[in-house]
Amino acid sequence: MAVLLKKIAKEDGYERLKDDAGGYFAGTVFFKDRVIHGYPHIKRIFTLKEGVERNIKEDGFSVEEKIDGYNVRVALVDGKVFAFTRAGRIEPYASEKLSSLSFFFEENPDIVICGEMVGNTPFTPPTDQFDFMFYVFDFMKEKTILPFDEKQRLIKKYNLSSVPLIGKFKKTEEPWKKLKEVALFLNKGKREGMVIKGLSGKSAVKYVTPSSDIEDIRQNARFIFDMPVGFFNQRVFRSSVFLEDFGMSREEYAKKLGEAFYSSLSGGIKQFKKEGAVKEEFRIFVEKEETWNAVYSMLKKSKEIEVSDVYKWKEGNKIGVRFSKVYRKTTQKFRKFLSGYAVED
Ligand code: ATP
């Protein structure tokens, strides 16, 4: 119990678990009369056939596209719809947007909807093509992920937008050739990858494409000193295994990888020289001023980033907000290194 208490963070009106502990997943949210369990970790596989054979413990499995956004769990608490981040914080932006899901909870008050948010959100690159999208990928009842058939039934019944379903397969029917084609197709389309799930809902693994590994590097190398240890190593290693497994052109990918690293890093250096900081721009559209205020307070709690350049405007009946996140560590290090500071290696 003491271990559990150490890992609990107190928020306004609820508590959340910072790490896995006591049989609960990180991100579990504790309200007075309700527990919203954390979404389970999905293990990564590096090679398709061996990875599926070893980790999916049943014959039948589904393959879904892996969408690159951020994870939210949506639940009804005390009659109100809330969206929670992976870490178990109330996410005010998604809570406003996804309050439209209240119709689902009328008949399913104890089910938690799990999905990926993308688009003009506080955490994903802005786009002019749409405002935001919420792709449902699972439902949870207590700690259990609902089985495939039940998930599909709910998605259909409530007409929810879901992650693209690539198909249903059986290990005994040797689907490996087909899966390889799928992986190549996703890679060609610069999509993130796939999530492979046992039909019972009890096991899942993720498999990503080298084009998404390289894209991650392109987007994040300029924040180099803020990235977690291993971020780049992992992606370089994963993409190498994929290239080997699929006999792909090393020359072509070497060029892409180098270009991703250098274009991103020099972009960061140029930006620092011009603006005095390394930052990333976001844009959101909200209905209520208080939603933006709550998003701002949430972002301000971060130790890694600082919110700057906030600009608000009226857009129809919505409020548009543009803001930047300044990456603190990278900005500090660039400041030192580019002004002649010497370091001992
Ligand atoms: P972990 O889930 O192991 O903690 P992570 O938070 O770093 O890892 P990723 O490596 O991006 O996240 O992979 C898992 C995440 O992928 C899920 O938590 C979910 O947000 C996202 N995701 C996107 N598409 C799907 C999908 N079809 N099924 C399940 N998760 C998906």
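Bear in mind that the values in this text are calculations on the coordinates, not laboratory data. Remember, predicted model here, so these are calculated numbers, not experimental data. Glycine gets a Cβ as well: all are built from the backbone with ideal geometry, and neighbour counts include every protein chain shown.
Worth pointing out:
- Dipole in debye (nearest 20) - segment 206-345, about Cα centre, beta carbon charges: Lys, Arg +1; Asp, Glu -1: 540 debye
- Estimated translational D of segment 143-199 in µm²/s (Stokes, Kirkwood radius over Cα pairs; 20 °C; 1.002 mPa s): 162 µm²/s
- Mean shadow area of segment 168-262, taken as a quarter of the surface of its Cα convex hull (nm²): 7.3 nm²
- Top of SER161, SER100, SER212 by mean-square fluctuation, Gaussian network on the chain, Cα under 10 Å: SER100
- Under-5 Å amide H pairs with ARG44, H placed in peptide plane, nonlocal only: LYS206
- Net charge of Cβ neighbours under 15 Å - reference SER62; Lys, Arg +1; Asp, Glu -1: +4
- Neighbour cut-off at most 13 other Cβ (10 Å), DSSP loop, GluC sites (Glu not before Pro), segment 272-317: GLU287, GLU304
- Sorted largest first, extent of segment 294-345 alpha carbons per principal axis (Å): 55, 20, 10
- Sequence-distant lysines (8 or more away, or on other chains) whose Cα lies within less than 21 Å of LYS180: LYS43, LYS49, LYS57, LYS66, LYS168, LYS170, LYS171, LYS188, LYS190, LYS197, LYS206
- HN-Hα J in Hz across segment 192-203 - Karplus 6.51, -1.76, 1.60, θ = phi - 60°, x for Gly and Pro: 5, x, 9, 10, 10, 10, x, 5, 6, x, 8, 9
- Peptide packing: for 66-76, 143-153, the average count of neighbouring Cβ atoms within 10 Å per residue gives the ranking 66-76, 143-153, highest mean first.
- Quarter the surface of the alpha carbon convex hull of segment 80-139 and you get the mean projected area, 4.3 square nanometres.
- Under the combined filter of DSSP loop state and at most 16 neighbouring Cβ atoms within 10 Å, segment 231-340 retains these chymotrypsin sites (Phe, Trp or Tyr not before Pro): PHE246.
- Cα pair count fraction exceeding 23 Å, expressed as % - segment 217-345: 50 percent
- Each residue of segment 248-262 is assigned a 3J(HN,Hα), and the resulting list reads 8, 5, 5, 4, 4, 6, 4, 5, 4, 5, x, 4, 4, 4, 5 Hz, derived from the Karplus form 6.51 cos²θ - 1.76 cosθ + 1.60 (θ = phi - 60°), x at Gly and Pro.
- Debye-sum result for the chain in log10 I(q)/I(0), which assumes one identical scatterer on each alpha carbon, at q = 0.10, 0.12 Å⁻¹: -0.70, -1.02
- When the chain is treated as a GNM with alpha-carbon contacts under 10 Å, the residue of LYS329, LYS156, LYS18 showing the greatest mean-square fluctuation is LYS156.
- Nearest-20 debye value, the chain charge dipole, Cβ charges on Lys, Arg, Asp, Glu: 580 debye
- Taking 25 °C and 0.890 mPa s as conditions, segment 230-286 diffuses translationally at an estimated 178 µm²/s according to Stokes-Einstein applied to its Kirkwood radius (Cα pairs).
- The Rg/Rh ratio of segment 18-122, with Rg taken over Cα atoms and Rh as the Kirkwood radius over Cα pairs, comes to 1.02.
- Expressed as a whole percent, the proportion of Cα-Cα pairs in segment 112-235 lying more than 18 Å apart is 65%.
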